[in-house]
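Each remark here refers to the structure printed beneath this line.
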Amino acid sequence: MELIREMVPKDNNTMKSILQQCLRDAQLDKPGTAYFDPQLDELAQYYQQLTRAKYWVAVDQNDQVVGGCGIGPVGTTDVCELQKLYIAPDARGQGLSKRLIKLAIETATKFGYHQMYIVTDTKLPVANKLYQKLQFNQLEQPLDGDIHSGCDTWYLKAL
């Protein structure tokens, strides 16, 4: 079973590679997706300087990063966003995404958020099914301030 820990700078390159590979595999390596987010080269440092935000990585027994996800503020002070949830192909199907989301929800609640927002795409059917299973409600349009215009599916969950 993978260990989940807070991301540190030495994890940046591996997590960027996983994220970009996942998006390439789904033909989502286009502007308006996380593929081109400017903070990818220094993801750990980016989350460390934000308030009420955190990014975790899952590592295997050799301390190799196999995926991760984060939370950060979006719009109002009541809403956070589940951000950059990506798992390497060989680490999928073991409940890792669910474990990361549950940790994100617990932390968001401790940070005082009342809702969690997710931006995804119909080209990621497994992710959509998981969000629905975890009782995220699909929205008809993105929240104000959403920067990922290249995606077409949005969810919100009361915490």
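Computed from the C-beta positions of residue 61 and residue 134, the FRET efficiency with R₀ = 35 Å rounds to 0.85. If I compute Rg and Dmax of the Cα atoms in Å from the structure I just sent, which labelled value in (1) 14.3, 42; (2) 15.2, 44; (3) 17.9, 61 lines up? Comparing each candidate, only (1) matches the computed number. Separation of region 58-83 and region 88-112 by C-alpha centroid, Å? When both Cα centres are located, 8 Å separates them. In order along region 28-38, phi translates into HN-Hα couplings of 10, 8, 9, x, x, 10, 4, 3, 10, 4, x Hz, rounded to whole numbers, per the Karplus curve 6.51 cos²θ - 1.76 cosθ + 1.60 with θ = phi - 60° and x for Gly and Pro.
Within the chain, which DSSP H helices have Cα atoms that stretch 15 Å or more along the helix axis and a mean Kyte-Doolittle hydropathy of at least 0.0? Once both thresholds are applied, what remains is 96-110.
Looking at the chain alone, DSSP beta bridges between its own residues are antiparallel in about 85 percent of cases. Counting 0.36 nm for each residue step from residue 158 to residue 13 and taking away their Cα separation leaves a gain of 48.9 nm. Note on residue 76/residue 123: beta-carbon distance plugged into 1/(1 + (r/R0)^6) with R0 of 22 Å gives a FRET efficiency of 0.15.
Quick note: the coordinates plus some simple rules give every number you see, no bench work behind them. Bear in mind the structure is a predicted one, so any value in this text is a computation, not a measurement. Positions of Cβ are generated from backbone atoms using ideal geometry, with glycine treated the same way; all protein chains shown enter the neighbour counts.
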